[in-house]
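Colleague: This is the structure I want to talk about, given as structure tokens.
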Amino acid sequence: METFNAELFTENWTAVALSAVVALMAIGGMFSASRFLSARRHSEAKLTTYECGIPPTPYTWSNINVRFYIFAILFLIFDVEAVFLFPWAVIFMEQKVVYNNVIPFYAMIMFLGVLFFAIVYAWRKGVLEWRK
């Protein structure tokens with residue numbers, strides 16, 4: 001069992017504390033510079049809703065269909081699946097996992113199974129059909 005080395009502990013955490021102080025000072029400096037250097041002329045044009053350079057319509061509130069968010073979340077889920085699947089496959093093939101140690105293989109099969117049922121569920125609910 002190793003003994004506690006206070007000098008090493010202090011040395012390591014001093015660098016972390018110093019980095020945190022420098023970061024907070026930099027953030028405070030940027031906010032202060034922005035506050036003191038920014039223009040303060042208010043006008044009606046500055047208070048309007050920004051819509052990509054197009055003058056806004058009389059109604060500034062608009063509803064966005066939740067379908068866009070669901071589609072984006074499904075994309076992220078299956079994108080993350082690919083991020084996990086590729087490194088697993090490379091390591092699995094490089095190490096040539098023997099029959100005694102097939103736990104990683106079955107773990108990935110379970111992972112893919114859950115995602116398969118998720119895509120089937122989304123498909124059955126009609127999330128993947130684009131309606132106008």
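Colleague: Taking the conditions exactly as written (at pLDDT below 85, assigned to a loop (DSSP other than H, G, I, E, B), open to solvent by less than 80 Å² (accessible area, probe 1.4 Å) and not β-branched (Val, Ile, Thr)), does residue 82 satisfy them or not?
Modeller: Details: at pLDDT below 85: yes; assigned to a loop (DSSP other than H, G, I, E, B): no; open to solvent by less than 80 Å² (accessible area, probe 1.4 Å): yes; not β-branched (Val, Ile, Thr): yes.
So residue 82 fails the test.
Colleague: Still on this structure, please answer the following. Which pairs do you get when a residue that is in contact (Cβ under 8 Å) with a residue 24 or more places away in the chain, found in the range 75-88, comes within reach of a residue that is open to solvent by less than 60 Å² (accessible area, probe 1.4 Å) and assigned to a helix (DSSP H, G or I), reach meaning Cβ atoms under 6 angstrom, with the pair 6+ apart or on two chains?
Modeller: 81/115
Colleague: Name the pairs: first residue in the range 103-119 and more than 17 Å from residue 80 (Cβ to Cβ), second residue open to solvent by 50 Å² or more (accessible area, probe 1.4 Å), Cβ to Cβ under 8 Å, at least 6 apart or on different chains?
Modeller: Every condition considered, the pairs that remain are 104/88.
Colleague: When you scan the range 37-53, do you find a residue that is modelled with pLDDT of 75 or more and closer than 30 Å to residue 127 by Cβ, even just one?
Modeller: No - not one qualifying residue is present in the range 37-53.
Colleague: Going through the range 7-47 one residue at a time, which ones are of a type in the set (Asp, Glu) and either in contact (Cβ under 8 Å) with a residue 24 or more places away in the chain or surrounded by fewer than 10 Cβ atoms within 10 Å (Cβ to Cβ) (or both)?
Modeller: Across the range 7-47, the qualifying residues are 7, 44.
The values are calculated or read from the model by the stated rules, or taken from the named source; none is laboratory data. Note that the structure is a prediction, hence the values are computed from the model and not measured. With ideal geometry, Cβ positions are generated from the backbone for all residues, glycine too; neighbour counts draw on all protein chains shown. Areas reflect the complete protein model, heavy atoms only, side chains present, ligands, DNA and RNA absent. Shrake-Rupley method; radii C 1.70, N 1.55, O 1.52, S 1.80 Å.
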